[in-house]
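The values are calculated or read from the model by the stated rules, or taken from the named source; none is laboratory data. Predicted model only: the values in this text are computed from it and were never measured. Please note: Cβ atoms are built from the backbone with ideal geometry, for glycine as well, and neighbour counts cover all protein chains shown. SASA here: full protein model, heavy atoms, side chains in, ligands and nucleic acids out. Shrake-Rupley method; radii C 1.70, N 1.55, O 1.52, S 1.80 Å.
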Amino acid sequence: MFEVYRKEIKFGGEKLTFETGKVARQADGAVVVTYGGTTVLCTATAAKKNSDADFFSSYSELSRKSFFSR
């Protein structure tokens with residue numbers, strides 16, 4: 001099975017957690033960062049060989065989810 005690395009520290013009175021090896025294993029690098037009630041997935045990929053492209057494509061997606069009950 002895959003090895004999961006997890007590091008927790010106290011930062012600003014909240015728990016800050018870094019975790020890698022559990023999700024997005026197809027990416028060259030991925031980390032899930034959790035701080036308080038916020039979780040962010042950061043991934044990075046790279047080409048295996050050099051390309052002659054004269055541009056750098058970038059993609060960003062933001063998803064906000066809020067839940068509450070009365």
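Out of the total accessible area of the chain (probe 1.4 Å, heavy atoms of protein only), what percent is carbon and sulfur?
Exposed carbon and sulfur together represent 53 percent of the surface.
Nearest 0.05, what FRET efficiency do V23 and E3 give at R0 = 22 Å with Cβ-Cβ as r?
So, using R0 = 22 Å, E works out to roughly 0.95.
Between T45 and L16, what is the label-to-label distance in nm when each label sits 7 Å out along the Cα-to-Cβ direction?
Taking the simple label geometry, T45 and L16 are separated by 2.9 nm.
Report the longest stretch of the chain that contains none of the chymotrypsin sites (Phe, Trp or Tyr not before Pro) sitting in a DSSP loop with at most 13 other Cβ atoms within 10 Å.
Within the chain, the longest run free of exposed chymotrypsin sites (Phe, Trp or Tyr not before Pro) spans 3-54.
Starting from the Cα of K7, draw a straight line to each of the lysines and keep only those under 18 Å, dropping any in the same chain fewer than 8 residues away.
K7 reaches K15, K22.
Considering only DSSP states other than H, G, I, E and B, which GluC sites (Glu not before Pro) in the chain qualify as loop sites with at most 15 other Cβ atoms within 10 Å?
Sites meeting the loop and neighbour criteria: E3, E61.
Taking the C-alpha atoms of segment 1-62, how large are the radius of gyration and the largest Cα-Cα span, Dmax, in Å?
15.2, 48
Could you please put L16, L62 in sequence from largest to smallest accessible area, using a 1.4 Å probe?
Ranked from most to least accessible, the order is L62, L16.
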